[in-house]
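K.L.:
Input: one structure, supplied below.
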Amino acid sequence: MSELLTERPPFTEPHVAPRQWEYVRDALENGKLDGNGPYTKQAAAVVRRVTGATEALLTPSCTHALEMAAIALDIEPGDEVIVPAFSYAPTACAFALRGAKLVFVDSHPDTLNVRADHIAAAVTDRTKAIVVLHYAGVPCEMDPIMTVAREHGLAVVEDSAQAFGSTYRGRPTGSFGRFAALSFHATKNVHCAKGGALLVNDPADVDRARIIQDRGTDRHHYFQGLVKEYQWVGLGSSSMLNELLAALLAAQLETFDEVQARRGHWWNTYDATLPGWARDNGVATPYIPAHTNHSAHLYYLVLPTEDAKDALLDHLARRGLTATIHYLALHDTPAGRRFGRRGPGGCAVAEALPRRLIRLPMHVGMAADYQRRVIEAITDFRP
């Protein structure tokens, strides 16, 4: 077929910030490479400003941040942790590592976020924490979720990997839970190749979080002049972002408003041109509640059947265009069956989504002509 192409543009490309090479070279010359240097402080200050967190500890990944939260919450064998079934493995794995039994709960069919009513039904006398994921950067319904947490005395951890800059009723995501985790992976809106942050919202947790980040030692007290020598005082790991990556992140964060505006433009273009075709063909597009503001992290389509999803992916590929699938439902994986169980009400939506959902290409440097080709190809398709 004449339109069949073997090479396709990438699904996403990391943003390049104007000053990132300058900052990385400066970090190398300063010689403070192991972390917690001036660029770490600069980047963390921006993260605190955007999220409203009491403290932001930069980490090598979002996974590290989630694992730190699990340690800080003293998760142990016998505890239960409620997690979204439709999520990425680290959302659950961080708590399974501490011995918790995972209870997987379903997604709303509109936002694809975890359902507050299913969370409430899943609480038992062994429940220790609730973990939520803001899918596609669209905030979860935090008011009812926090109500459940308060009624049962449970900690909430926000997986905000996709939601840096999102807000719920005017309040930043990442500021609701006791802890939250961010991702600065190369696929995210702003990045440092691979990095993350633990957001700490209770001042009483900050000291413990710093100990966990620095191998279980009170070394930060030593550098503050509070102790003459530092020692091992608790559980922890080596979870500090190095200064080279912090320099890269600091440069990226300087362009955050520009990045968000550009991604918002691509997202809005999809959303202005595809919903009519989607309604005519039984396809769902992202639903954004009026009281939320999202990060424009990704744009997805939910096809009516698995066959339609596969056919659309093939249709795009034959035109030299790239789209991709997303998560498998965690409870339907080998590890999910080993470490957890479905919560009350089942997980029908989470089970259906992997068979029907595709993500469309979108990144800061995407060409308008390429997006136009994607839109034209999609609107030419009939499930």
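The values are calculated or read from the model by the stated rules, or taken from the named source; none is laboratory data. Since the model is a prediction, treat every value here as computed from it, not as a measurement. Glycine gets a Cβ as well: all are built from the backbone with ideal geometry, and neighbour counts include every protein chain shown. Calculation scope for accessible area: heavy atoms of the full protein, side chains included, ligands and nucleic acids excluded. Shrake-Rupley method; radii C 1.70, N 1.55, O 1.52, S 1.80 Å.
K.L.:
Only residues that are within 20 Å of HIS152 (Cα to Cα) and among the small types (Gly, Ala, Ser): list them for region 59-110, please.
P.N.:
Those that are within 20 Å of HIS152 (Cα to Cα) and among the small types (Gly, Ala, Ser): ALA69, ALA70, ALA72, GLY78, ALA100.
K.L.:
Evaluate the following for ALA120: is it touching a Gly at 6+ places or on another chain (Cβ under 9 Å) and at pLDDT 95 or above? Give the derivation first.
P.N.:
Numbers: touching a Gly at 6+ places or on another chain (Cβ under 9 Å): no; at pLDDT 95 or above: yes.
No; evaluated as a whole, the condition is false for this residue.
K.L.:
Can I ask one more? Can you spot a residue in region 355-365 that is over 24 Å from PRO90 (Cα atoms), open to solvent by 40 Å² or more (accessible area, probe 1.4 Å), touching a residue at least 24 places away in the same chain (Cβ under 8 Å) and more than 26 Å from the chain's Cα centre (by Cα)? Outline the logic, then answer.
P.N.:
As a first pass, look at region 355-365 and keep what is over 24 Å from PRO90 (Cα atoms): 364-365.
Next, from what is left, pick out any that are open to solvent by 40 Å² or more (accessible area, probe 1.4 Å): 365.
When the remaining residues are screened for being touching a residue at least 24 places away in the same chain (Cβ under 8 Å), the result is 365.
Okay, now just the ones that are also more than 26 Å from the chain's Cα centre (by Cα), so none.
No.
K.L.:
Just for helices (runs of 4 or more DSSP H) wholly inside region 212-297: which have at least 1 residues that are at pLDDT below 95? Break it down stepwise before answering.
P.N.:
On the way: elements: 219-223, 243-254, 256-273, 275-280.
Here the list reads 219-223.
K.L.:
Looking at region 115-135, which of the residues that are farther than 22 Å from TYR287 by Cβ and charged (D, E, K, R) is least open to solvent (accessible area, probe 1.4 Å)?
P.N.:
LYS128
K.L.:
May I pose another question? With the requirement that a residue be open to solvent by less than 10 Å² (accessible area, probe 1.4 Å) and either charged (D, E, K, R) or part of a strand (DSSP E or B) (or both), what does region 160-182 give you?
P.N.:
Within region 160-182, TYR168, PHE179, ALA180, ALA181, LEU182 qualify.
K.L.:
Regarding ALA290, is this residue closer than 21 Å to GLN162 by Cβ and loosely packed, with under 15 Cβ neighbours inside 10 Å? It would help to see each step written out before you state the result.
P.N.:
Values: closer than 21 Å to GLN162 by Cβ: yes; loosely packed, with under 15 Cβ neighbours inside 10 Å: yes.
Yes, satisfied.
K.L.:
Separate question: In region 9-62, how many residues are closer than 22 Å to PRO139 by Cα, in contact (Cβ under 8 Å) with a residue 24 or more places away in the chain and open to solvent by 20 Å² or more (accessible area, probe 1.4 Å)?
P.N.:
Summing the residues that are closer than 22 Å to PRO139 by Cα, in contact (Cβ under 8 Å) with a residue 24 or more places away in the chain and open to solvent by 20 Å² or more (accessible area, probe 1.4 Å) in region 9-62 gives 5.
K.L.:
Out of LEU66, LEU112, report the one residue that is surrounded by 23 or more Cβ atoms within 10 Å (Cβ to Cβ), part of a loop (DSSP other than H, G, I, E, B) and touching a Pro at 6+ places or on another chain (Cβ under 9 Å). Step through it out loud before you land on a result.
P.N.:
Numbers: LEU66 fails: part of a loop (DSSP other than H, G, I, E, B).
Being surrounded by 23 or more Cβ atoms within 10 Å (Cβ to Cβ), part of a loop (DSSP other than H, G, I, E, B) and touching a Pro at 6+ places or on another chain (Cβ under 9 Å) holds for just one of LEU66, LEU112, which is LEU112.
K.L.:
Say we look at region 214-236 and pick out the residues that are within 29 Å of the chain's Cα centre (by Cα) and small (Gly, Ala, Ser); which of these is surrounded by the fewest Cβ atoms within 10 Å (Cβ to Cβ)?
P.N.:
Looking at residues that are within 29 Å of the chain's Cα centre (by Cα) and small (Gly, Ala, Ser), I get GLY234.
K.L.:
Which of (1) part of a loop (DSSP other than H, G, I, E, B); (2) in contact with a helix residue (DSSP H, G or I) (Cβ under 6 Å, 6 or more places away or on another chain); (3) small (Gly, Ala, Ser); (4) open to solvent by less than 20 Å² (accessible area, probe 1.4 Å) is the odd one out, the single condition GLY336 does not satisfy?
P.N.:
(1)
K.L.:
Right, something else. Please verify whether region 44-58 includes one or more residues that are under 18 Å from the mean Cα position of the chain (by Cα), at positive phi and of a type outside the set (Val, Ile, Thr).
P.N.:
yes
K.L.:
May I pose another question? When you check ARG318 against the structure, is it charged (D, E, K, R), open to solvent by 40 Å² or more (accessible area, probe 1.4 Å) and within 28 Å of VAL83 (Cα to Cα), yes or no?
P.N.:
no
K.L.:
I'd like to verify a number: residues in region 237-274 that are open to solvent by less than 50 Å² (accessible area, probe 1.4 Å), out of contact with any helix residue (DSSP H, G or I) (no Cβ under 7 Å at 6 or more places or on another chain) and among the polar types (S, T, N, Q), how many?
P.N.:
2
K.L.:
What number goes with the only condition from (1) open to solvent by 10 Å² or more (accessible area, probe 1.4 Å); (2) closer than 30 Å to HIS363 by Cβ that ALA204 does not pass?
P.N.:
(2)
K.L.:
Suppose the filter is at pLDDT below 95, over 30 Å from PHE223 (Cα atoms) and either of a type in the set (A, V, I, L, M) or in contact with a Gly (Cβ under 8 Å, 6 or more places away or on another chain) (or both); does LEU33 pass it?
P.N.:
No.
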